[in-house]
Amino acid sequence: MFGHNDAFRRNLFLRSERLLAVDWAFLGAGPIGAELAPLVTASVAFLGVARDRWRDLEQTAVEAYLRGLQDVGWRGGPDLPLFGFAASSALRYGPGCVRLVLPALLDETAQPHVELVLGIPFDQVLELWAAVCLEQVRLADDAFRLLVTLDV
């Protein structure tokens, strides 16, 4: 599917009942369900949605996505889009946890930049991204569980 591939809270704006998306750097093809990965994971990881609301956001986004697929004629079951979401998130944001935090752990001069991007002290960044990494492990498990159900 062709998509934005980076649609999350910081890149989406509601103006006069219209949804505007900015930062199209990741524009391109992706598997069905992959658009949910940044919408859910990046929205939490970049503090657009509270961490304790992760599962609520995930459930709401997945349900709306599946309804949207049905509205445009999708006749498949939910497993393929759910797999696309889970695998895409785990692959994109699991390593991203290390890519964002590890350099700042190894070089303390990078910590102010990370704090500036997220707007919180670095110890809270570590706590947040540890939780994000744990969610990516869960999503990787979901992807493996779903993989055996797919007829691909």
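Structure notes:
- Residue within the stretch 67-75 that is closer than 16 Å to Glu135 by Cβ and either in contact (Cβ under 8 Å) with a residue 60 or more places away in the chain or acidic (Asp, Glu) (or both) present: no
- Qualifying residue in the stretch 15-26 (condition: closer than 23 Å to Pro81 by Cα and among the basic types (Lys, Arg)): no
- Top-ranked residue of the stretch 18-59 - restricted to ones that are of a type in the set (S, T, N, Q) and surrounded by 13 or more Cβ atoms within 10 Å (Cβ to Cβ), ranked as nearest to Phe8 (Cα to Cα): Ser43
- In the condition set (1) without any contact (Cβ under 8 Å) to a residue 40 or more places away in the chain; (2) surrounded by fewer than 18 Cβ atoms within 10 Å (Cβ to Cβ); (3) of a type in the set (D, E, K, R), Asp79 is compliant with all but (1).
- Residue check, Val62 aliphatic (A, V, I, L, M), within 27 Å of Asp151 (Cβ to Cβ) and assigned to a helix (DSSP H, G or I): yes
- In the stretch 9-27, the residues that are under 25 Å from Ala50 (Cβ atoms) reach residues that are in a strand (DSSP E or B) and not aliphatic (A, V, I, L, M) with C-beta atoms within less than 9 angstrom, at least six apart or across chains, in these pairs: Leu19/Phe13; Leu20/Phe13; Ala21/Phe13; Val22/Phe13; Phe26/Gly3.
- Sole residue being modelled with pLDDT under 95, under 27 Å from Asp79 (Cα atoms) and among the hydrophobic types (A, V, I, L, M, F, W, C), chosen from Phe46, Phe8, Phe13: Phe8
- Residue within the stretch 31-41 that is touching a residue at least 60 places away in the same chain (Cβ under 8 Å) and under 27 Å from Glu115 (Cα atoms) present: yes
A quick yes/no check of all residues on (1) at pLDDT below 90; (2) closer than 18 Å to Gly30 by Cβ:
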| position | (1), (2) |
| --- | --- |
| Leu66 | no, yes |
| Asp71 | no, no |
| Gly84 | no, yes |
| Leu102 | yes, no |
| Leu134 | no, no |
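- Listed by position, the helices (runs of 4 or more DSSP H) enclosed by the stretch 67-152 that each have at least 1 residues that are in contact with a Cys (Cβ under 7 Å, 6 or more places away or on another chain) are 79-106, 122-147.
The values are calculated or read from the model by the stated rules, or taken from the named source; none is laboratory data. The structure displayed is predicted, hence computed values, not measured ones. With ideal geometry, Cβ positions are generated from the backbone for all residues, glycine too; neighbour counts draw on all protein chains shown.
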